[in-house]
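Enquirer: Just dropping this structure here.
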Amino acid sequence: MVVCTTPSFLCAQTQNTQPSQPQEQIGKLLDDDKVGETDYASILEEKKASDLKLPPLSVLFENMKNTPKYKMALNEYKISKSTLGSTRRAPLNWVSIGASYAYGQFGSQSQSTAETTPVTTSVANGVTTSYGMTASVGTTIGNIIDYRSTVRRARLATENSKLTFLEEYQNQKLQVMELYNKIESLMNTLGSLAQSEILATADYEYAQQEFMAGSNNNPNTMSRAKERQNAAKMGFANAKTELNTYLIRLEILTHTQILEK
C-alpha cells in the first residue's frame, strides 16, 4: 500500500514518470566493424544545433590509440626494441653447450686358462649410469670487432623507430584537432543558419501574401524574397553536409562515437 501525502496532481505526476531511455554515450570507443557507419546526417536532421555536443579532446586522443595506424607504428617500435635486445645478446650465440646422459645394463664374459689350470669362464652383469657435458666458444674476429658497432646501429634504429612513432602520433593528433575545430565552428554557425532560413521563409511568405492580397503589386519584391529563402536553405543544407563529412572523418580517425544518436 502506497500513501501519498502530496497534492493529488503531484502524486499522479510522480507515479506516471517513466525513466528515460539511456542515449548512446558520446566519446564511446567503437568496434572496428562499426567505425564510419554512424548516420550523422539523421542526427543533424533530428536535433537542434544547441543540443549537439562533442566529446572532450582528451577522450578522442585516448581512443585514437586503438586505431590501426597507431597500432602499426607502435608495433614497429616494439619490433625494433626486440631486435636491439637480440643484438645485445649476440655473444651468447658464440657459446655452445652440450650434455649427454646414458643409463642401462651391461654384461661381460671372459675366459682364461693356464698350463696348470683348466679353462675358467667369468660372467659379470650390472647397471651403469653416465653423464657428460661439453662447452665451447667459437666466433670470428670480425664479429668480435664489429659487435659494439652493431649494437650501436641497432640502438640508433630503435631510437629512430621511436621518433617515427611519436611523430606519427603527433600528426594524428593534429589531424584530430583540425577536424575538431572545424566541427565546432560549423556547429556554432549551424544555429544561425537555421534561424536565417526561418526568417527568410517567413519574409517570402509575407511578401507572397502581400502580393496575392494586392497590397504590393511589385513582383520583384516577392522574387527577391524567394532568392533570399533559397540562398538561406542552400547555405544551411551545405553546412550540414560539410559537418556530416567532418564527423565521419573524425570518427574514423579516433574510432569514437562523436554525437549522441
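Quick note: the coordinates plus some simple rules give every number you see, no bench work behind them. This structure is a prediction, so every number in the text was calculated from the model and none was measured. Cβ sites come from the backbone with ideal geometry, for glycine too, and all protein chains shown count toward neighbours.
Enquirer: For the range 243-258, what does the Karplus curve 6.51 cos²θ - 1.76 cosθ + 1.60, with θ = phi - 60°, yield as ³J(HN,Hα) per residue in whole Hz, taken in order and with x for Gly and Pro?
Expert: 5, 4, 5, 5, 5, 5, 4, 5, 4, 5, 5, 10, 6, 10, 6, 7
Enquirer: Note down the nm distance, to one decimal, between modelled labels 7 Å out along Cα→Cβ at Ala102 and at Gln175.
Expert: Each label point lies 7 Å from its Cα, and together they span 6.7 nm.
Enquirer: Could I ask something else about it? Take the range 145-261, compute every pairwise Cα distance, and split them into 5 Å bins from 0; I just need the percent in each bin.
Expert: So the P(r) values, bin by bin, are 2, 10, 12, 11, 9, 8, 8, 7, 6, 6, 5, 4, 3, 3, 2, 2, 1, 1, 1, 0, 0.
Enquirer: For a quick check: with amide H placed at 1.01 Å from N, whose amide H comes under 5 Å from Thr256's, ignoring anything fewer than 5 positions away on the same chain?
Expert: Hits under the 5 Å cutoff: Leu30.
Enquirer: Ranking Val137, Val176 by Cβ neighbours within 10 Å, fewest first, what do you get?
Expert: Numbers: Val137 9, Val176 20.
Listed from fewest to most nearby Cβ atoms, that is Val137, Val176.
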